[in-house]
Amino acid sequence: MADRPPGPTLRQRLTLDWKRRRLLWRAFRSRNDLTFVTGRGRIARDAILAFAVLRNEAERLRHWLDHHRRLGVSRFLVVDNGSDDGSAEMLADQPDVTLWTTRASYRGSRFGRDWTNWLLNRHGAGHWCLTLDADELFVFPHDDHATLRDLVAELDRRRVPALGALMVELYPRGPLRPPEPLDDEAALARLEWFDADNYRTAIQTPLRNRWVQGGVRDRVFFRDNPRRAPTLNKLPLVRWRRGFAYVNSTHSALPARLNDAWDGPGDLRLSGALLHTKFLPSIVEKSRIERERRQHFNDPSAFQDYYAALIDNPDLWARQARRLAGWQSLAEAGLMSAGGWNGPR
């Protein structure tokens, strides 16, 4: 864990509050990008909500929905950003999904955060809200017998407004795209390996957001320029209040006190993880497409080598890889912690 810096000065606090208000204004304006498609029934006062922005995720969507339903998500509020693979149609058929569509620029919306900030403040205030990408599966200690309702009850008991999580990047053994085609379930089942011990954490001022790097992409694609490696810390689960805002994906939020929820791998406080299912066989072809779309990075030109390496269909496995075996394997590796919680009473 990184040493904590001193709190922000009065001037920094005023600057951060101005930034928060500006993000909320952007979110309010972005509502005009969204076209409502479908949503059934009112949201119950105690509902646990999941929010997402996605594009062309049909291959993993059913599994993603079922996984989070099993955990206890009551309603999914989703923005489809111009899918042409049937994702929007699949979502529109789900009774627990409220769906909006847009063809506005993903990058221009701060990678979807303006849209989710609007929906969170419009529909999520007063609820525990899980904000995810479609290639992320939320897991937490004791999730083999505990539900999200059990988890948030414990967070409420501790008066903790947010739960930190590490994005744990899963990968197969062998080339990303094997010689024989796989169905969706078989492709997901191959993602059973992760890196356990190459993580580093810094704390950035004045936002006090944690900056965790490491994992397989750091090891394979960014070993010569580690500062370019992806940021892996997230705050996916928040008891949302009107006026909150995500700043950079779900890596950081305002008010800044939310960023103190977790210090990264090795922090003994209660935390979760996001299983990142990015490395399905389709990643090879999707990398060709995204290299041309240039929607996923602030400086897309700096990531041309990354896309080229994925297009080459690499084998990411290494001798130090660990096999995923439930939440216990992540806790044993120090990538998340039960924080003294023994599950539902």
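Quick one: if the Förster radius is 51 Å, what FRET efficiency do Arg29 and Ala321 give, using the C-beta to C-beta distance and rounding to 0.05?
Efficiency for this residue pair is about 0.70.
Restricting things to Cα coordinates, could you compute the convex hull volume per residue of the range 97-186 in Å³?
Residue-normalised Cα hull volume stands at 189 Å³.
Arrange the peptides 87-100, 120-133 so that the one whose residues have, on average, the most other Cβ atoms within 10 Å appears first.
120-133, 87-100
Go through 30-42, 257-269 and give me the packing order, highest mean Cβ count within 10 Å leading.
Details: 30-42: 13.9, 257-269: 19.8.
Top of the packing list down: 257-269, 30-42.
Can you give me the % of accessible surface on the chain that is carbon or sulfur? Probe 1.4 Å, all protein chains present, nothing else counted.
Working: 7540 of 15830 Å².
The computed percentage sits at 48.
By average Cβ neighbour count within 10 Å, what is the ranking of 140-151, 272-283 from highest down?
272-283, 140-151
State the Cα centre-to-centre distance between the range 85-103 and the range 244-294 in whole Å.
What the calculation gives is 23 Å, centre to centre.
With only Lys, Arg, Asp and Glu charged, each at its Cβ (+1 for the first two, -1 for the last two), find how big the charge dipole of the range 142-228 is about the Cα centre; round to the nearest 20 debye.
Dipole of the range 142-228, to the nearest 20 debye: 760 debye.
How far apart, in nm, are two points set 7 Å out from the Cα along the Cα-to-Cβ line at Asp84 and at Arg122?
So the label points at Asp84 and Arg122 sit 2.7 nm apart.
Work from the charge dipole of the chain (Cβ charges, +1 for Lys and Arg, -1 for Asp and Glu, about the Cα centre) and give the residue of Trp64, Phe28, Gly41 farthest towards its positive end.
Of the options given, the answer is Phe28.
Stokes-Einstein D for the range 1-159 at 25 °C, 0.890 mPa s, Kirkwood Rh over Cα pairs, in µm²/s?
142 µm²/s
Which far-off residues, 5 or more places away or on another chain, put their amide H under 5 Å from the one on Lys278, with H placed in the peptide plane?
Under 5 Å from the amide H of Lys278 lie the amide H atoms of Leu170, each far enough along the sequence or on another chain.
Using label points projected 7 Å from each Cα along Cα→Cβ, tell me how many nm separate Arg158 and Asp183, to one decimal.
About 4.0 nm, to one decimal.
For the range 123-166, which semi-axes, largest first and in whole Å, follow from the square roots of 5 times the eigenvalues of its Cα gyration tensor?
Ellipsoid half-lengths, sorted descending, are 17, 16, 10 Å.
Taking only protein heavy atoms into account and a 1.4 Å probe, give the accessible area per residue of the range 201-333 in Å². Working shown, then result.
Numbers: 5710 Å² over 133 residues.
Here the per-residue accessible area is 43 Å².
From Cα pairs below 8 angstrom and at least 6 apart in sequence, can you work out the relative contact order of the chain, rounded to a whole percent? Mind showing how you got there, number by number?
Details: 679 pairs, mean separation 81.5, N = 345.
Taking the mean separation of contacting Cα pairs over the length of the chain, I get 24 percent.
So how strong a dipole does the chain carry about its Cα centre when Lys and Arg Cβ are +1 and Asp and Glu Cβ are -1, to the nearest 20 debye? Please list the in-between numbers first.
Details: 55 positive and 43 negative charges, 403 e Å.
In total the dipole reaches around 1940 debye.
Report P(r) for the chain: all Cα-Cα distances, bin width 20 Å, range 0 to the bin holding the largest distance, values in whole percent.
Here the calculated profile for the chain is 30, 63, 7, 0.
The values are calculated or read from the model by the stated rules, or taken from the named source; none is laboratory data. As the structure is a prediction and not an experimental result, all values here were calculated from the model. Counting neighbours? That spans all protein chains shown, and the Cβs are built from the backbone with ideal geometry, glycine included. The protein model used for the area step is the full one, side chains on, heavy atoms only, and it has no ligands, DNA or RNA in it. Shrake-Rupley method; radii C 1.70, N 1.55, O 1.52, S 1.80 Å.
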